[in-house]
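Student: Below you'll find the structure I mean.
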Amino acid sequence: MVILDKQIVLQAALKELLNFQIFSRCTLKDLAEICANGEVVVSQHRDILYQMGEVADSFGIVLSGAYKLTRSSPNGDDTIVHFCTPGDVIAAFIMSQERPIYPVSSFAMGPSRFLKIPKETYLRKWKERPDLIFNIQSLLSTRIGNMQMQLSLTKAPLSVKIAHLLVDMLNRFEDHGSALKLPLTRKEIADNLGSSVESVIRIMSDWTKKGIIETQDQQIKILKLEKVIAELEVIPSVK
């Protein structure tokens, strides 16, 4: 993990934040205050950003790439609870706790960038901005909505679950075209959906043979988006 000189890159990062909905009411001056003492972290694939169980002394915003949030079970298995993409906030709400602990681990998915902000800045600046708190709540509501959708798909065919995940990930990136702009392995898909790797491989191999998707170097490209979306038509019938 490489931490760039914040004097060189912080101002550029603040301008990037203006593109995210969460900061729609902020000016550059506002952002300089609410990101005081922040630093841009550049992560390589699989670098760890935060470790579950460690004392939380910072939070931040995903600038580019993606980070997966994982939770370890007592038997040592990891469950992916969310994929954080540009504009997502990680660990913000726990900053108001007296001694916050990271509830999940955060790992980079391919080259990614993250604006890390000290806990003290949250306590001094973010809590004074109701608009920011509301926007963070909206992000969390969307995240919870996705989790509830996955729960509603518990009895749905695995192909439906995979289709929902791929379409959701595709929609998170602007100017995405038809390719997911992050490396997503079959195991990560299985871990997120609570399925076996073998079952995921079987379905995605079938889609590859039919020309629906194409995979190269862990990058998934959807060649026939209408075919993937067609899988979602069974969602209303799932109980």
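Read-outs: derived from the displayed coordinates by stated rules, not from any lab. Everything numeric here is computed off the predicted structure, so don't read it as measured data. Virtual Cβ from ideal backbone geometry, glycine too; neighbours counted across all protein chains shown.
Student: Taking loop as defined by DSSP and a crowding limit of 12 other beta carbons within 10 Å, which trypsin sites (Lys or Arg not before Pro) in region 7-38 fit? Provide the component values of the computation, followed by the final result.
Tutor: Working: sites: LYS15, ARG25, LYS29; in loops: ARG25.
Hits after loop and neighbour filter: ARG25.
Student: Would any residue of region 117-146 have its amide N under 17 Å from a label point 7 Å out along Cα→Cβ of SER24? List them or say none.
Tutor: Within reach of a label on SER24, which here means backbone N under 17 Å from a point 7 Å along Cα→Cβ, region 117-146 contributes 130-143.
Student: Using the Karplus curve 6.51 cos²θ - 1.76 cosθ + 1.60 with θ = phi - 60°, work out ³J(HN,Hα) for each residue of region 55-66 in order, rounded to whole Hz, and write x for Gly and Pro.
Tutor: 5, 8, 10, 7, 9, x, 10, 6, 8, 7, x, 6
Student: Can I ask one more? If you take the square roots of the eigenvalues of the alpha-carbon gyration tensor of region 93-203 and sort them as a ≥ b ≥ c, do you get rounded (a/c under 1.5), prolate (a/b over b/c) or oblate?
Tutor: Working: a/c = 2.09, a/b = 1.93, b/c = 1.08.
Prolate, since a/c reaches 1.5 and a/b exceeds b/c.
Student: Running a GNM on the chain with Cα contacts under 10 Å, which residue among GLY110, GLY87, GLY211 ends up with the highest mean-square fluctuation?
Tutor: Largest GNM mean-square fluctuation: GLY211.
Student: Less than 10 Å Cβ to Cβ from VAL55, Lys/Arg counted +1 and Asp/Glu -1: what total charge do the surrounding residues give? Before the final figure, lay out the partial values.
Tutor: On the way: positive: ARG99, LYS119; negative: GLU54, ASP57.
Summing Lys and Arg as +1 and Asp and Glu as -1 gives 0.
Student: Here is a follow-up. Kirkwood hydrodynamic radius for region 2-148: how many Å is it when counted over pairs of different Cα atoms? Let's see the in-between values first.
Tutor: Values: mean 1/r = 0.0644 Å⁻¹.
Computed over Cα pairs of region 2-148, the Kirkwood hydrodynamic radius comes out at 15.5 Å.
Student: Which of the lysines could a cross-linker span from LYS210 if the Cα-Cα distance has to be under 28 Å and same-chain partners fewer than 8 positions apart are dropped?
Tutor: By straight Cα distance, LYS210 reaches LYS155, LYS161, LYS181, LYS187, LYS221, LYS224, LYS227.
Student: Another one. Which of the aspartates and glutamates could a cross-linker span from LYS125 if the Cα-Cα distance has to be under 13 Å and same-chain partners fewer than 8 positions apart are dropped?
Tutor: Within the straight-line cut-off, LYS125 pairs with ASP30, GLU33.
Student: Tell me which DSSP H helices of the chain clear both cut-offs, 30 Å or more of axial length from alpha-carbon atoms and a mean Kyte-Doolittle hydropathy of at least -0.5. Kindly include the intermediate steps, with their values, before the conclusion.
Tutor: Working: long enough: 130-152 (32 Å, 0.20).
Those that clear 30 Å and a mean of -0.5 are 130-152.
Student: Once fully extended, how much extra length lies between GLN44 and ASN146, figured as 0.36 nm per residue of separation less the alpha-carbon to alpha-carbon distance? Intermediate values should be presented prior to the final figure.
Tutor: Working: separation 102, 0.36 × 102 = 36.72 nm, distance 2.65 nm.
Contour length minus the Cα-Cα distance gives 34.1 nm.
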